[in-house]
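Have a look at the structure below, then the notes.
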Amino acid sequence: MTSLVLKRVYEPPAAGDGTRILVDRLWPRGISRAKARIDLWLKDVAPSDALRKRFHGKPDDRDAFCAAYFAELEEAAAQATAKDLLDRLRKGRVTLLYASRDERRNNAVALRAWLERQRKS
């Protein structure tokens, strides 16, 4: 897998970002599509609304969130989108964009871990 980068959607786009992919289910507040320069919005690999609401504001439940999120990524609804994302990673640099203020505990960090695990298997 080539380079995979995580970046807050509110950070300015950079020439080296490669394909910029939003991996949140909801559009980020206060940013226009033109300013965000998003190449692709993959809602299907974002946590479901129910999962997002269940763990919102509960950083101590990170392991439980990841387990539930990884299970969602294995479901049929997410599999085609996940395959497309893995194919894009094989072809070039990808920047996963997220809106969360927490740069260490968010769905993009969990998704990167899942993608790296998929790549190894």
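Which one of these is under 13 Å from the mean Cα position of the chain (by Cα), part of a helix (DSSP H, G or I) and within 25 Å of S32 (Cα to Cα): L96, L85, L115? If you could, list the steps in order and put the result at the bottom.
Working: L96 fails: part of a helix (DSSP H, G or I); L115 fails: within 25 Å of S32 (Cα to Cα).
When all the criteria are applied, what remains is L85.
Open to solvent by less than 30 Å² (accessible area, probe 1.4 Å) and β-branched (V, I, T): which single residue out of I38, I31 fits that description?
On the way: I38 fails: open to solvent by less than 30 Å² (accessible area, probe 1.4 Å).
Only one candidate passes the filter, namely I31.
Considering each residue of the range 1-27, count those that are out of contact with any Phe, Trp or Tyr (no Cβ under 9 Å at 6 or more places or on another chain) and part of a strand (DSSP E or B), and give that number.
Here is the first cut: in the range 1-27, the residues out of contact with any Phe, Trp or Tyr (no Cβ under 9 Å at 6 or more places or on another chain) are 1-5, 10-20, 25-26.
Among the residues that remain, those that are also part of a strand (DSSP E or B) are: 4-5, 19-20.
Within the range 1-27, residues that are out of contact with any Phe, Trp or Tyr (no Cβ under 9 Å at 6 or more places or on another chain) and part of a strand (DSSP E or B) number 4.
Among the residues that make up the range 49-65, is at least one of them closer than 14 Å to Y98 by Cα, among the charged types (D, E, K, R) and surrounded by 17 or more Cβ atoms within 10 Å (Cβ to Cβ)?
Step one: list which residues in the range 49-65 are closer than 14 Å to Y98 by Cα, which gives 52.
Checking the rest, the ones that are also among the charged types (D, E, K, R) come to 52.
Applying the additional criterion that residues be surrounded by 17 or more Cβ atoms within 10 Å (Cβ to Cβ) yields none.
No: the range 49-65 contains no residue that is closer than 14 Å to Y98 by Cα, among the charged types (D, E, K, R) and surrounded by 17 or more Cβ atoms within 10 Å (Cβ to Cβ).
Any residue that is out of contact with any Lys or Arg (no Cβ under 9 Å at 6 or more places or on another chain) and touching a residue at least 24 places away in the same chain (Cβ under 8 Å) - is there at least one of those in the range 46-59?
no
Hey, does the range 88-95 have a residue that's in contact with a Lys or Arg (Cβ under 7 Å, 6 or more places away or on another chain) and crowded, with 16+ Cβ neighbours inside 10 Å?
yes
The values are calculated or read from the model by the stated rules, or taken from the named source; none is laboratory data. None of these values were measured; they are calculated from a predicted model. Cβ: placed from backbone, ideal geometry, glycine included. Neighbour counts: every protein chain shown. All accessible areas refer to the heavy atoms of the entire protein, side chains included, with ligands and DNA or RNA removed. Shrake-Rupley method; radii C 1.70, N 1.55, O 1.52, S 1.80 Å.
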